[in-house]
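Readers should treat all values here as calculations from the given coordinates under stated rules, not as data from a laboratory. If you're wondering where the values come from, they're calculated on a predicted model, not measured in any experiment. With ideal geometry, Cβ positions are generated from the backbone for all residues, glycine too; neighbour counts draw on all protein chains shown.
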Amino acid sequence: MSLLEEWAQWPDFAKATGKEYSFRKITTNVVLITPDLVGKFPRLWECDIFDATRENNLCRLKHEHRMLSEAYRAGICVPKPEGMFTVTIGKSELLKKLYSLTGEKLPAFVMQYVNGQKLSVFKEIPPEINDLWQREIKKATKLGFEPFDAMDWNAIFNPEQNKVYLIDLEYWKRK
Ligand SMILES: Nc1ncnc2c1ncn2[C@@H]1O[C@H](COP(=O)(O)OP(=O)(O)O)[C@@H](O)[C@H]1O
Ligand SMILES: [Mg+2]
């Protein structure tokens, strides 16, 4: 089965979850789609030139979702994955604007929204937060992941839970 055929089978987010969309942009390819879930979409500049549904975009989303699921199951502090879905653009003026050249539906994987501060906002990362962060990276390595691009802009500190979440697993590999 081709990836495009596969995508046709990703469930529609609103229908599958019964959740109402409430779009708020975080970055060009990450959008808060309900108050507690974010969708990661194919990148805008790739979509403008090509097509959001191109095989390599789908392949990347699928890879990242798989890494996230495996890391989450292994007990690494990452956003809880919700699955790969189709998001209907018609419901969102924001997405319509962002993805003006694509069709009515967009592929996305959906995950928990992590409320907190990216470590890149700190002038100097406080040592206890740095420890939490390094501990997650070491854990990932020990569990057989290669956490590429695990930089301070890809880590979010959540003060309520006192946890550092690793995000953006697009380039992660499994040894
Ligand atoms: N699960 C999440 N919860 C909260 N914010 C997120 C989440 N995932 C991504 N973001 C925000 O969106 C930005 C881009 O996401 P990221 O996965 O790093 O995409 P990119 O591949 O474009 O760097 C992050 O820097 C962060 O601000
Ligand atoms: Mg990133």
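Ignoring GluC sites (Glu not before Pro) that are buried or in helix or strand per DSSP, and keeping those with at most 12 other beta carbon atoms within 10 Å, what is the longest stretch of the chain between them? Intermediate results must be reported in sequence, preceding the final value.
Working: sites that count: Glu20, Glu104, Glu124, Glu160.
Longest gap between qualifying sites, sites excluded: 21-103.
The calculated FRET efficiency for Lys163 paired with Lys123, based on their beta-carbon distance and R0 = 22 Å, is about 0.55. Backbone phi angles across region 139-147, fed through the Karplus curve with coefficients 6.51, -1.76 and 1.60 (θ = phi - 60°), yield HN-Hα couplings of 4, 4, 4, 5, 8, x, 9, 10, x Hz in residue order; Gly and Pro are listed as x. Checking the a/c ratio against 1.5 first, then a/b against b/c, what shape does the Cα gyration tensor give for region 117-174? Cα axes put region 117-174 in the prolate bin.
Would you work out if region 1-123 is rounded, prolate or oblate? Take a ≥ b ≥ c from the square roots of the eigenvalues of the alpha-carbon gyration tensor; rounded if a/c is under 1.5, else prolate when a/b is larger than b/c, oblate otherwise. Walk me through the numbers before you get to the answer.
Numbers: a/c = 1.43, a/b = 1.23, b/c = 1.16.
Because its axes are fairly even, with a/c under 1.5, region 1-123 counts as rounded.
In this structure, the pairs whose alpha-carbon distance is over 20 Å, taken from Lys91/Lys118; Lys139/Lys173; Lys40/Lys142, are Lys91/Lys118; Lys40/Lys142.
Charge dipole of the chain (Cα centre as origin; +1 on each Lys and Arg Cβ, -1 on each Asp and Glu Cβ, all else neutral): 240 debye, rounded to the nearest 20.
Centre-to-centre, using Cα atoms only, region 97-141 and region 146-175 are separated by 6 Å. Calculated [222 nm] ellipticity per residue, helices only, for the chain: -9500 deg cm²/dmol; basis is -39500 (n - 2.57) per DSSP H run with n ≥ 4, divided by all residues, nearest 500.
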